[in-house]
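We did not get these values from a lab; they are worked out from the coordinates using the rules stated. Since this is a predicted model, take the numbers as computed values, not measurements. Ideal geometry is used to build each Cβ from the backbone, glycine not excepted, and the neighbour counts take in all protein chains shown.
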Amino acid sequence: MLPSTPLILVCDHRGAGLAERLASLETAGLRVVVTRSLRESRRAAALERPGLVVLDPLVEGGAAETMGVLEALPKGSVPLLLVADHERLDPALDTLKQMDGGSVDLLHRRATGAETRLRIERLLDSSRRQADVERLRQAAFYDERTGLLRPRAFHERLLQHLSAALRHRHELAFVLLDLDKFGQINKRYDHVVGDKVISKVGEAIRHALRTEDVPGRLGGDEFAVVLPYTSKVDAAHVVVRLRDRIRGVTGRIDGVPDDVLVSTSIGFESYDPGQPCSPETLRAHAEMALREAKRLGGDRGVYYRSLVRG
């Protein structure tokens with residue numbers, strides 16, 4: 001039995017012989033954990049990290065039991081095989097309608113071991129395919145080193161948020177960040193150290209933002225953030241927080257004997273409701289402000305309108 005073999009959590013709450021009928025699963029090379037109550041099932045779901053759940057609920061349909069088990073899982077969607085009475089499928093079907101995606105199937109209570117194994121194998125195969133699709137989607141949309149959006153995906157999100165701001169007349173801010181003297185880090189150490197710095201900066205950016213904010217890595221050491229529903233005053237607070245978080249990356253990096261100094265220059269622009277605007281304008285203005293931040297020595301943020309007023 002391979003350690004990577006998915007573990008199957010068999011929740012035999014009804015005690016009508018499900019566990020005994022599935023005993024052959026282990027001889028077929030599958031790992032099985034059997035529980036007899038909702039409390040046991042929730043504990044096992046949290047600790048064992050199953051790859052599939054087979055549930056025979058105490059109450060026919062068992063919506064509360066099903067959700068109770070699935071909510072205890074520490075990861076995302078897990079395939080579910082819900083046991084149901086052949087003559088009373090409606091409660092089970094109602095439960096499956098409440099499921100938020102994922103691979104699900106019904107198993108008649110008197111199904112044979114062979115049929116049960118077939119349904120389990122199909123659910124596991126479907127789950128693997130979904131995981132492969134998700135990995136491909138992640139690779140296409142998200143930068144592997146930072147977890148931030150790739151340039152094309154970021155631009156699409158910028159278009160969406162700006163379109164909504166123009167249509168509904170709400171505020172928005174656009175932020176550009178560029179690390180100070182990053183080329184010297186690569187030159188003094190090597191690209192491995194530079195990659196570690198980029199990864200830490202990506203983490204710092206994520207932790208500095210709200211859930212609704214949209215960060216992206218545009219390339220190299222250049223980053224950008226869309227701040228929906230954000231005034232210029234609030235954007236300025238976010239810029240300070242970003243600067244401080246990235247400054248906090250300064251310190252020891254594995255393989256480097258001394259501290260690596262990290263800071264960023266930031267330029268930002270805001271959209272005022274009712275005024276014409278485009279993604280190109282936002283970026284051009286933010287780039288002008290970013291260049292001014294660089295000229296002033298870096299480790300600071302500059303608002304484009306402050307240049308215009310000056």
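Details
- Three-way shape call for the chain based on the alpha-carbon gyration tensor, with the a/c threshold at 1.5: prolate
- As a proxy for reagent exposure, 192, 34 were ordered by neighbouring Cβ count within 10 angstrom, fewest first; the result is 192, 34.
- Kirkwood-based shape ratio for region 199-310, expressed as Rg/Rh from alpha carbons: 0.99
- If you take all other residues with their beta carbon under 12 Å from the beta carbon of residue 208, and give Lys and Arg +1 and Asp and Glu -1, the sum is +3.
- Centre-to-centre, using Cα atoms only, region 108-175 and region 22-50 are separated by 28 Å.
- Taking 256, 249 and counting other C-beta atoms within 10 Å, the order from fewest to most: 256, 249
- Rounded FRET efficiency, nearest 0.05, which uses the C-beta distance separating residue 5 from residue 210 and R0 of 51 Å: 0.80
- Between residue 306 and residue 46, the simple label model (points 7 Å from Cα in the Cβ direction) yields a spacing of 4.8 nm.
- Residues 223, 141, 154, ranked from the fewest to the most other C-beta atoms within 10 Å, line up as 141, 154, 223.
- Report summary: the helix-based calculation at 222 nm, which adds -39500 (n - 2.57) for every DSSP H run with n ≥ 4 and divides by the residues of the chain, gives -15000 deg cm²/dmol.
- Overall form of region 7-135: rounded. Here a/c, set by the Cα gyration tensor axes a ≥ b ≥ c, is under 1.5.
- The amide H of residue 253, built 1.01 Å from its N in the peptide plane, has 260 as neighbours under 5 Å, considering only residues 5 or more places off or on other chains.
- Between the Cα long axis of helix 151-168 and the first principal axis of the chain there is an angle of about 80°, rounded to the nearest 10.
- Amide proton proximity set for residue 302, modelled H, under 5 Å, gap of 5+: 266, 267, 268
- Placing a label point 7 Å from the Cα of residue 97 along the Cα-to-Cβ line, the residues of region 31-57 whose backbone N sits under 20 Å from it are 57.
- Taken over the chain, lysine pairs spaced eight or more positions apart, or on distinct chains, with alpha carbons under 22 Å apart number 9.
- Using θ = phi - 60° in the Karplus curve 6.51 cos²θ - 1.76 cosθ + 1.60, the 3J(HN,Hα) couplings for region 139-150 round to 5, 6, 9, 10, 5, 5, 7, 10, x, 8, 4, 6 Hz; x is entered for Gly and Pro.
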